[in-house]
1. Residues being of a type in the set (A, V, I, L, M), within 19 Å of Glu125 (Cβ to Cβ) and at pLDDT below 95: count how many of those fall in segment 29-51.
2. Which of the residues belonging to segment 115-167 are closer than 21 Å to Gly82 by Cβ and among the charged types (D, E, K, R)?
3. Looking at Leu176, Leu165, Leu187, Leu145, which one is surrounded by 15 or more Cβ atoms within 10 Å (Cβ to Cβ) and within 12 Å of the chain's Cα centre (by Cα)?
4. Is there any pair linking a residue in segment 37-54 that is at negative phi and surrounded by fewer than 13 Cβ atoms within 10 Å (Cβ to Cβ) to one that is acidic (Asp, Glu) and modelled with pLDDT of 95 or more, with Cβ under 8 Å and at least six apart or on different chains, and which?
5. What pairs can you find where one residue is in segment 131-148 and assigned by TED's automatic domain parsing to the domain that holds Asp108, the other is part of a helix (DSSP H, G or I) and among the β-branched types (Val, Ile, Thr), and their Cβ atoms are less than 7 Å apart, with a gap of 6+ or different chains?
6. Which residue, of Ala77, Ala98, is surrounded by 12 or more Cβ atoms within 10 Å (Cβ to Cβ), assigned by TED's automatic domain parsing to the domain that holds Ala136 and not hydroxyl-bearing (Ser, Thr, Tyr)?
7. Applying the selection to segment 111-138, what residues are surrounded by fewer than 16 Cβ atoms within 10 Å (Cβ to Cβ) and under 10 Å from the mean Cα position of the chain (by Cα)?
Amino acid sequence: MVFGLAVAVLAVVGCSNQASSPTAKATIRASAAVSPAPTGLTAQQKAQVQAVLTASMAHYSGLLDAGKQALGSTQYADASAGLAAFSDPNSAASRFGAWRTSSRAEQDISSDSAFNQAVANYTAENQPDAITNWQADMVAVQSDLSAWVQIAVKWQIREATSDQLAGAEQKVRSDLQAAQGDLGATLAAS
């Protein structure tokens with residue numbers, strides 16, 4: 001940038017002693033003017049970014065919590081027993097199946113909408129990298145939540161261990177923590 005600016009000044013002024021004339025000095029000042037630094041967000045915009053992204057994270061955390069509650073602690077002897085349990089509307093298998101259908105957790109991509117709402121507050125010049133990192137974290141949340149659902153189904157029919165189920169939950173929680181950190185960085189840079 002500095003090299004380009006020096007070349008531009010030399011091109012406008014030339015290498016002669018004319019640079020000391022008032023016209024040349026004005027030209028140098030105009031050439032040396034740098035575009036203003038990107039401005040941050042207003043307090044209202046920051047609040048909107050924080051509210052939208054925080055609500056999205058809470059939504060996914062809520063999906064996981066509701067899924068865990070629907071799953072309960074009942075494991076079936078095998079896949080046949082789990083399938084048979086679906087005929088009982090009060091069974092853990094039925095509750096978890098109903099949660100999967102109603103929540104659509106495996107297809108939920110609502111964080112995209114939250115990201116787009118938040119990014120609308122920025123320009124290309126003032127959008128912090130951290131908000132893009134937040135989006136990547138939330139893609140991981142959704143992916144890992146879908147994986148948790150699949151492992152939960154396998155856990156119910158004893159094809160996955162309790163440790164695998166807990167590990168899948170921890171991945172989602174870690175992704176959410178990373179997103180929270182990126183939200184903080186986003187707001188600090190705004």
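1. Here the count works out to 4.
2. Lys154, Arg158, Glu159, Asp163
3. Values: Leu165 fails: within 12 Å of the chain's Cα centre (by Cα); Leu187 fails: within 12 Å of the chain's Cα centre (by Cα); Leu145 fails: within 12 Å of the chain's Cα centre (by Cα).
When all the criteria are applied, what remains is Leu176.
4. No pair meets every condition.
5. Ile131/Val119; Ile131/Thr186; Trp134/Thr186; Val141/Val172; Asp144/Val172; Leu145/Val172; Trp148/Val172
6. Values: Ala77 fails: surrounded by 12 or more Cβ atoms within 10 Å (Cβ to Cβ).
From the options Ala77, Ala98, the qualifying one is Ala98.
7. Listed by number, the residues that qualify are Asp112, Thr132, Ala136.
The values are calculated or read from the model by the stated rules, or taken from the named source; none is laboratory data. These numbers come from a predicted model, not from an experiment. Glycine gets a Cβ as well: all are built from the backbone with ideal geometry, and neighbour counts include every protein chain shown.
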